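One structure is given below, encoded as structure tokens.
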């Protein structure tokens, strides 16, 4: 696994145009996603909470809930 990070900053992201052309995108726009999540005025991020972290069921549920 990865070691814990104290901080991380993404400074640049480049996606090859050939790859972008293969992506069909969602069937609806960002506004529909924001409406579903009731999240506005901030970036929408995703994460995976992996079971190998050794969290109890309660703490695992709490971590997932806080990510939402």
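The values are calculated or read from the model by the stated rules, or taken from the named source; none is laboratory data. Not measured: the values here are computed from a predicted model. With ideal geometry, Cβ positions are generated from the backbone for all residues, glycine too; neighbour counts draw on all protein chains shown.
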**Study point:** Close pairs (6 angstrom Cβ cut-off, 6 or more residues apart or separate chains): surrounded by 10 or more Cβ atoms within 10 Å (Cβ to Cβ) in the range 48-61, assigned to a helix (DSSP H, G or I) anywhere
**Key:** 49/63; 49/64
Check your understanding: Which members of the range 1-32 meet the condition of being surrounded by 10 or more Cβ atoms within 10 Å (Cβ to Cβ) and at pLDDT 90 or above?
Key -> 32
Review point. Residue 37: within 19 Å of residue 67 (Cα to Cα), surrounded by 10 or more Cβ atoms within 10 Å (Cβ to Cβ) and over 18 Å from the mean Cα position of the chain (by Cα), yes or no?
Key: no
